[in-house]
């Protein structure tokens, strides 16, 4: 499987008269965002953009709410997201195609969601969304699956995934020791939950296709 194969498969999801939504799942650091960004960039090319990128990260609960719930030390776990809000957005993206639909983004330096940060224009015929728990079978996450035309799973060598994740935490402000502790603790517990959903995906994206996506 090549990156070009992925481009063709993603493009084939679009049908006349409807907007398609492609989900990309995978453990933290597995390359979901990288793959989504490269798919969107290559499919859009130089013409009018017809593919949009809407990450699930915008549905992180704010730190103040995580503090109230006593879940801040587990940030990134399934119950630290607004899953129902995410499902409602996916439904709007499928049904409300005549107007701009605004989605929340996520500021990694602040580690906080930002409301209304991502406009999805009526010209978007394909939306690529990515997140950890698209295939989770614990309520309320199964409500997402009927709203996604396909879900792909990013598969990456575990040692490389951990290395990339530590580097990402360091890039956004965590000291090396704290980043490693978080990755091997909270992040790893979440990763184990996500990896267990791999077999439910429509397609498992191999590391070779991911590597091809990031080449200049």
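Would it be correct to say that residue 38 is in contact with a strand residue (DSSP E or B) (Cβ under 9 Å, 6 or more places away or on another chain), on the phi < 0 side of the Ramachandran plot and either surrounded by 17 or more Cβ atoms within 10 Å (Cβ to Cβ) or free of Cβ contacts under 8 Å to residues at least 40 places away in the same chain (or both)? Judged against the criteria, residue 38 is not a match.
In summary, residue 150 fulfils each of the numbered conditions (1) in contact (Cβ under 8 Å) with a residue 24 or more places away in the chain; (2) in contact with a helix residue (DSSP H, G or I) (Cβ under 6 Å, 6 or more places away or on another chain); (3) surrounded by 16 or more Cβ atoms within 10 Å (Cβ to Cβ) with the single exception of condition (2). Here residue 192 qualifies as exposed (fewer than 14 other Cβ atoms within 10 Å of the Cβ), assigned to a helix (DSSP H, G or I), on the phi < 0 side of the Ramachandran plot and at pLDDT 90 or above.
Annotation: residue 174 fulfils all but one of (1) surrounded by fewer than 14 Cβ atoms within 10 Å (Cβ to Cβ); (2) without any contact (Cβ under 8 Å) to a residue 24 or more places away in the chain; (3) more than 17 Å from the chain's Cα centre (by Cα); the unmet one is (1). Taking residue 84, is it in a helix (DSSP H, G or I), farther than 15 Å from residue 106 by Cα and out of contact with any strand residue (DSSP E or B) (no Cβ under 9 Å at 6 or more places or on another chain)? Considered against the rule, which asks whether it is in a helix (DSSP H, G or I), farther than 15 Å from residue 106 by Cα and out of contact with any strand residue (DSSP E or B) (no Cβ under 9 Å at 6 or more places or on another chain), residue 84 comes out as yes.
In a residue-by-residue description of the range 22-43, the property of being at pLDDT 95 or above and part of a loop (DSSP other than H, G, I, E, B) applies to no position. Scanning for something modelled with pLDDT of 95 or more, in contact with a strand residue (DSSP E or B) (Cβ under 9 Å, 6 or more places away or on another chain), crowded, with 21+ Cβ neighbours inside 10 Å and more than 30 Å from residue 47 (Cα to Cα), does the range 108-127 turn up at least one residue? Scanning the range 108-127 turns up no residue that is modelled with pLDDT of 95 or more, in contact with a strand residue (DSSP E or B) (Cβ under 9 Å, 6 or more places away or on another chain), crowded, with 21+ Cβ neighbours inside 10 Å and more than 30 Å from residue 47 (Cα to Cα).
Given 206, 142, which one is surrounded by 13 or more Cβ atoms within 10 Å (Cβ to Cβ), in contact (Cβ under 8 Å) with a residue 60 or more places away in the chain and more than 15 Å from the chain's Cα centre (by Cα)? So that I can check it myself, show each step before the final result.
Details: 142 fails: in contact (Cβ under 8 Å) with a residue 60 or more places away in the chain.
Of 206, 142, the one residue that is surrounded by 13 or more Cβ atoms within 10 Å (Cβ to Cβ), in contact (Cβ under 8 Å) with a residue 60 or more places away in the chain and more than 15 Å from the chain's Cα centre (by Cα) is 206.
Within the range 111-135, the residues that satisfy the criterion of being more than 16 Å from residue 85 (Cα to Cα), out of contact with any helix residue (DSSP H, G or I) (no Cβ under 6 Å at 6 or more places or on another chain) and not in a strand (DSSP E or B) are 111, 121, 122, 123, 124, 125. The residues of the range 88-101 that are part of a helix (DSSP H, G or I) and buried (at least 19 other Cβ atoms within 10 Å of the Cβ), listed by number, are 89, 90, 93.
Of the residues in the range 65-81, none is touching a strand residue (DSSP E or B) at 6+ places or on another chain (Cβ under 7 Å), modelled with pLDDT under 95, surrounded by fewer than 17 Cβ atoms within 10 Å (Cβ to Cβ) and not in a loop (DSSP other than H, G, I, E, B).
The values are calculated or read from the model by the stated rules, or taken from the named source; none is laboratory data. Not measured: the values here are computed from a predicted model. All Cβ positions, glycine included, derive from the backbone under ideal geometry; neighbour counts span all protein chains shown.
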